[in-house]
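If you scroll down you'll find the structure; I have some questions about it.
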Amino acid sequence: MATNGIGASVRRVEDFRFLTGRGTYTDDINRPNQLHAQILRSPHAHAKIKKIDAAKALAAPGVVAVFTGADVEKDQLGGLPCGWLVTDRHGKPMVEPPHPMLVKDVVRHVGDQVAVVIAETRAQARDAAELVKVQYEERPAAASLADAVKKGAAQVWEQASGNLCYDWALGDAAVVDAAFKRAAKVAKVDIVNNRLIPNAMEPRAAIGDYDMAKGTYNLYTTSQNPHVIRLLMAAFVLKVPEHKVRVYAPDVGGGFGSKIYHYAEEAIVTWASRKIGRPVKWTAERSESFTSDAHGRDHLTDAEVALDKDGKFLAMRVKTVANMGAYLSTFAPCIPTYLYALLLAGTYTTPAIFCEVKAIFTHTVPVDAYRGAGRPEATYVVERLVDEAAKVTGLDAAEIRRRNFIPRDAFPYQTPVVVQYDSGDYQSTLDIALKTADYAGFEKRRAEAAKRASCAGIGLSTYIEACGIAPSAVVGSVGARAGLYESGLVRVHPTGSVTILTGSHSHGQGHETTFAQLAAERLGVDIANVEVVHGDTDKIPFGMGTYGSRSLAVGGSALVKAMDKIVAKGKKIAAHLLEAAEADIEFKDGVFQVVGTDKKKTLVEISGAAYVPHNYPIAQLEPGLEEQAFYDPTNFTFPGGCHVAEVEIDRDTGVVSVVSFVAVDDVGRVINPMIVEGQVHGGVAQGLGQALLEGCVYDNKSGQLVTGSYMDYTMPRAGDLPPLKVSTHNTLCTHNPLGVKGVGEVGAIGSPAAIMNAVHNAVAPLGIGHVDMPATPERVWRALNSAPKAAE
Ligand code: MCN
């Protein structure tokens with residue numbers, strides 16, 4: 001086996017440039033003669049634009065142009081398209097309002113883009129933007145889900161009565177009702193999945209650079225999926241031929257979902273560059289990111305589970321209201337439906353599930369996928385409900401899970417919510433996690449904590465995830481307006497070094513290392529001789545990019561297919577050179593050998609011969625050694641796992657400290673254990689942020705974003721995390737060639753429920769039944785002080 005192949009903890013090759021300041025991010029790029037753009041954003045949540053007067057701004061030093069929605073209209077540009085059509089339970093398509101790149105008539109959230117000011121310097125553009133006079137006529141706003149669904153609430157869109165985008169349902173309500181009727185016990189939760197503001201380290205940026213000589217549009221941008229941006233921008237917004245557009249996403253400093261979408265600023269700078277004839281650059285300020293990057297989560301859910309007398313789940317009923325924000329972001333409609341309801345079976349044998357989802361418009365920033373996207377929301381519902389079921393039945397939290405787990409010999413397992421799981425071993429995963437967390441010794445620790453005026457609690461989350469979303473035919477049948485395959489191209493150079501070109505995009509996940517490991521394993525090359533190229537539509541084959549923890553399972557599988565083609569062609573060349581039958585050639589560790597002989601050729605010799613085809617049966621064999629493949633999976637992959645959190649709550653201050661966190665995840669075959677561990681670390685940090693710290697707050701009346709900066713929005717820091725105990729217990733994915741499942745989101749999916757179950761476990765002895773996320777000190781302190789048994 002290659003030393004740096006599958007299973008080796010190879011250090012990330014990309015980290016040298018990242019850690020030594022040598023990365024090239026979009027804002028590091030400056031084009032000759034470049035101008036700078038400042039977006040003028042709405043200060044109101046809902047207002048009619050009466051008049052825009054840009055005269056003063058145009059006369060300001062350095063200003064080259066000011067464009068508004070009127071210019072967009074004059075140039076007959078399209079709006080930002082939505083990539084997923086949800087059809088509601090009555091067969092009606094969702095309400096799909098227009099999403100203009102610059103708003104002309106009515107602004108619908110604080111931060112909505114109204115005009116762009118373009119000047120020689122960034123400071124000049126910013127100063128001049130303050131001189132643009134916009135006359136607004138303010139209108140009432142509906143900024144929260146609770147308000148937006150009330151009778152008489154302010155309407156975001158005339159065509160969406162009651163602010164309803166769609167009313168969707170899955171499952172058989174009658175079967176579920178019948179199960180509830182015969183239930184011995186029912187457990188219920190009424191929960192909030194708090195709205196989150198993504199905060200990648202690198203804010204979004206974009207440079208439009210129109211090449212007049214070639215008539216091509218170049219866009220440098222902070223994107224997770226450059227080809228998708230190219231397609232959407234070329235076909236729907238700018239309406240120019242796709243081949244005339246190059247989108248290049250260089251190093252990207254984190255995305256977490258927020259850089260999947262086609263944003264207005266990308267189209268604005270590209271369009272403006274052509275109009276002005278000079279490159280135009282825009283880089284978001286952090287506070288601008290808060291009001292213009294798509295937010296995540298934001299659900300209100302009532303859920304209940306029916307149990308028989310032995311604590312077995314009979315049925316589940318879930319009612320969710322999900323916030324879409326003011327416009328439909330690229331993939332927003334599928335998050336609270338197909339990425340949420342399809343996961344409600346969790347790791348359990350619940351036979352019947354009914355889920356209703358109402359998607360609601362509000363006067364807020366659009367909401368879309370954020371690390372986990374729908375699956376943390378589903379996990380939180382299911383795992384909180386399971387703990388409530390433990391409470392009503394008097395069973396231990398681990399015991400009720402064991403009674404309801406899908407047994408390890410029941411795979412493939414058909415859930416009542418469409419998806420079929422291929423593999424898993426939930427019992428063993430739980431056992432390992434409980435042992436690592438010393439679950440058995442917890443009550444002793446609880447007693448010790450009580451002596452320090454702390455309430456200790458322990459919480460489990462035995463979650464399931466679906467990632468590597470597929471197949472294209474299935475997602476297409478439920479509204480996806482795109483395919484979900486991935487592409488890979490493998491180029492073996494004449495001297496045997498290898499370039500891998502992938503349609504996925506690495507923005508922190510370490511693909512330059514793990515994809516090189518795949519080549520080391522399959523082709524027997526040293527990873528030092530492998531280069532991984534991604535992010536540039538002029539170089540890579542058409543690809544769908546990175547999200548939904550798909551890059552390895554889907555993109556890696558495409559690369560494996562391409563490498564298999566390389567080996568197949570190499571065998572043909574070897575057979576010719578070694579004067580043997582092709583069927584007698586075997587390939588192992590970079591060497592083609594005639595079976596049972598010592599006749600062999602290395603990959604270097606074969607690639608040399610491929611490009612110097614003297615004495616080569618040219619009629620049967622093309623020169624060169626380069627192969628491409630597309631891979632469209634036959635199913636999702638289903639990582640799962642058990643997260644165990646232990647918390648201590650200071651009774652005086654309400655501060656929740658996570659004192660121990662154990663994650664045992666099933667991610668299929670592991671390519672790089674160190675990267676897998678790092679991915680889990682990052683995800684758990686984000687999950688802890690959601691559970692304890694992060695909460696996006698809008699003022700209900702004005703629609704102003706109250707948590708508009710780090711002064712009010714708390715991101716997790718290193719000190720908030722205990723040393724994490726991360727390990728894997730893997731079952732192989734049965735349908736992709738590597739046997740891999742995704743790992744990029746598991747940490748964020750499993751951890752909030754584990755932490756919140758621990759918080760509830762800690763306060764339950766005080767008679768406190770419910771605490772919402774984020775369990776901030778204030779919220780917990782209030783609960784402690786109004787607790788029935790607080791005085792004890
Ligand atoms: N891997 C592995 N063995 C496995 C599974 C994965 O070695 N069995 C490796 C992969 O080869 C890859 C990494 O782990 O190097 C993550 O792989 P995968 O699970 O396929 O996820 P993606 O590469 O598709 O990344 C997307 C995922 C998502 S959806 C979010 S959100 C997220 C995440 O990854 N955003 C991130 N992790 C992030 N990490 C960083 N640093 N920054 C982000 O923005």
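The values are calculated or read from the model by the stated rules, or taken from the named source; none is laboratory data. Small disclaimer: the values here were computed from a predicted structure and weren't measured. Note that each Cβ is placed from the backbone with ideal geometry, even for glycine, and that neighbours are counted across all protein chains shown. Just so you know, the surface numbers come from the protein's heavy atoms only, side chains and all, with ligands and any DNA or RNA stripped out. Shrake-Rupley method; radii C 1.70, N 1.55, O 1.52, S 1.80 Å.
Which order, highest average first, do 312-318, 569-575 follow once you tally other Cβ atoms within 10 Å for each residue and take the mean per peptide? Please report the intermediate quantities before stating the final value.
Values: 312-318: 24.3, 569-575: 21.9.
Descending mean neighbour count gives 312-318, 569-575.
Continuing with the same structure: For residue 312, which lysines qualify as cross-link partners when the Cα separation must be under 17 Å and same-chain residues fewer than eight apart are set aside?
Within the straight-line cut-off, residue 312 pairs with 181, 185, 188, 391.
Once the dipole of the chain is set up with Lys and Arg at +1 and Asp and Glu at -1 on Cβ about the Cα centre, which of 78, 734, 773 lies farthest towards its positive end?
78
Any idea what the relative contact order of region 485-631 is, in percent, if you count C-alpha pairs under 8 Å spaced at least 6 apart?
On the way: 284 pairs, mean separation 48.4, N = 147.
It comes to 33 percent, rounded to a whole number.
Residue by residue through region 302-311, what is 3J(HN,Hα) from phi via Karplus (6.51 cos²θ - 1.76 cosθ + 1.60, θ = phi - 60°)? Round to whole Hz and write x for glycine and proline.
Listing the rounded values in order: 10, 9, 9, 10, 9, 10, 8, 5, 9, x Hz.
Now a separate question. Treat region 725-781 as a sphere of radius equal to its Kirkwood radius over Cα pairs and apply Stokes-Einstein at 10 °C in a medium of 1.306 mPa s; give the translational diffusion coefficient in µm²/s, rounded to a whole number. Could you put the intermediate results ahead of the total?
Values: Rh = 14.3 Å.
Once the numbers are plugged in, D ends up at 111 µm²/s.
Can you pull a Stokes-Einstein diffusion coefficient for the chain at 25 °C (0.890 mPa s), Rh from Kirkwood over Cα pairs, as a whole number of µm²/s? Let's see the in-between values first.
Numbers: Rh = 27.7 Å.
Stokes-Einstein gives a translational diffusion coefficient of 89 µm²/s.
Rolling a 1.4 angstrom probe over the protein heavy atoms, how many square angstrom per residue are accessible across region 485-631? Don't skip to the end; give the middle numbers.
Numbers: 5590 Å² over 147 residues.
Computed with neighbouring chains in place, this is 38 Å² per residue.
Rounded to a whole number, what % of the accessible area of region 639-792 do carbon and sulfur atoms account for, probe 1.4 Å?
Values: 3010 of 5510 Å².
Result for region 639-792: 55 percent of the exposed heavy-atom area is carbon or sulfur.
For region 485-631, taking Cα atoms only, what is the radius of gyration to one decimal and the Dmax to the nearest whole Å?
15.6, 48
Through the Karplus equation 6.51 cos²θ - 1.76 cosθ + 1.60, θ set to phi - 60°, convert the phi angles of region 754-763 into ³J(HN,Hα) values in whole Hz; use x for Gly and Pro.
With the stated coefficients, region 754-763 comes to 5, 5, 6, 5, 5, 4, 5, 5, 5, 9 Hz.
Sticking with this structure for a sec: Residue farthest toward the positive end of the dipole of the chain, with Cβ of Lys/Arg at +1 and Asp/Glu at -1: which of 618, 703, 428?
703
Let me check against my output: what whole-number percent is the relative contact order of the chain, with C-alpha pairs under 8 Å and at least 6 apart? All intermediate terms of the calculation are to be shown ahead of the outcome.
On the way: 2036 pairs, mean separation 124.8, N = 792.
That works out to 16 percent.
Straight-line reach from residue 275: which lysines have a Cα under 29 Å away, not including same-chain ones fewer than 8 places off?
By straight Cα distance, residue 275 reaches 48, 50, 51, 56, 74, 104, 133, 214, 239, 244, 259, 539.
Now a separate question. So, with a 1.4 angstrom probe, what is the percent of accessible area on region 435-475 that is carbon and sulfur? Numbers along the way, then the final one.
Values: 1060 of 1690 Å².
Carbon and sulfur atoms account for 63 percent of the accessible area of region 435-475.
Shape call for region 318-376 from the C-alpha gyration tensor, a ≥ b ≥ c root eigenvalues: rounded (a/c under 1.5), prolate (a/b greater than b/c) or oblate? Before the final figure, lay out the partial values.
Details: a/c = 3.28, a/b = 1.94, b/c = 1.69.
It comes out prolate by the Cα gyration axes.
With the other protein chains left in place, how much accessible area per residue, in square angstrom, belongs to region 699-777 at a 1.4 angstrom probe? Intermediate results must be reported in sequence, preceding the final value.
Values: 2950 Å² over 79 residues.
Accessible area per residue: 37 Å².
Using a 1.4 Å probe over the heavy atoms of the protein chains, calculate the carbon and sulfur portion of the accessible area of region 9-106 as a whole percent.
On the way: 2570 of 5010 Å².
Percent of accessible area from carbon and sulfur atoms in region 9-106: 51.
Follow-up. Setting aside same-chain residues fewer than 8 positions from residue 725, which lysines have a Cα under 27 Å from its Cα?
Straight-distance partners of residue 725: 435, 444, 451, 741.
Follow-up question, since we're still on this one. Before anything else, pin down the relative contact order of region 716-792: Cα pairs under 8 Å, at least 6 apart, normalised by residue count, whole percent. Walk me through the numbers before you get to the answer.
Details: 32 pairs, mean separation 14.3, N = 77.
So the answer I get is 19 percent.
Can you tell me which of 83-96, 516-529 comes out highest on packing, and rank the rest after it, using the mean Cβ neighbours within 10 Å?
Descending packing order for the listed peptides: 516-529, 83-96.
Considering amide H positions built from the backbone, and no H for Pro or chain starts, which residues 5 or more places from residue 86, or on another chain, come under 5 Å of its amide H?
94
Would you kindly derive the ³J(HN,Hα) couplings of region 53-68 from the backbone phi angles with the Karplus curve 6.51 cos²θ - 1.76 cosθ + 1.60 (θ = phi - 60°), listing them in order in whole Hz, with x for Gly and Pro?
3J(HN,Hα) across region 53-68, in whole Hz: 10, 9, 4, 5, 5, 5, 8, 6, x, x, 6, 9, 7, 10, 10, 10.
If you don't mind, there's one more thing I want to ask. Given charges of +1 on the Cβ of Lys and Arg and -1 on the Cβ of Asp and Glu, with all other atoms neutral, how large is the dipole of region 485-631 about its Cα centre, in debye to the nearest 20?
I would put it at about 160 debye.
Roughly how many debye, to the nearest 20, is the charge dipole of region 55-169 about its Cα centre, given +1 on each Lys and Arg Cβ, -1 on each Asp and Glu Cβ, and no other charges?
The calculation lands at about 180 debye.
If packing is taken as the average count of other Cβ atoms within 10 Å, what order do 556-564, 699-707 fall into, highest mean first?
Details: 556-564: 23.9, 699-707: 17.3.
Result, highest mean first: 556-564, 699-707.
Continuing with the same structure: Of the options 484, 348, 378, report the single residue whose Cα projects farthest towards the positive end of the charge dipole of the chain (beta-carbon charges: Lys, Arg +1; Asp, Glu -1).
378
For region 190-310, what class follows from the C-alpha gyration tensor (a ≥ b ≥ c being the square roots of its eigenvalues): rounded when a/c is under 1.5, otherwise prolate if a/b is larger than b/c, else oblate?
Values: a/c = 3.32, a/b = 2.37, b/c = 1.40.
Prolate shape, in that a/c is at least 1.5 and a/b is the bigger ratio.
Could you work out [θ]222 nm for the chain from helices alone, using -39500 (n - 2.57) per DSSP H run of at least four and dividing by all its residues? Round to the nearest 500 deg cm²/dmol.
Working: 20 runs with 205 residues, N = 792.
Calculated from helices alone, the mean residue ellipticity at 222 nm is -7500 deg cm²/dmol.
Okay, next question. Dipole size in debye (nearest 20) for region 470-539 around its Cα centre, Lys and Arg Cβ +1, Asp and Glu Cβ -1?
On the way: 4 positive and 7 negative charges, 48 e Å.
Result for region 470-539 is approximately 240 debye, rounded to the nearest 20.
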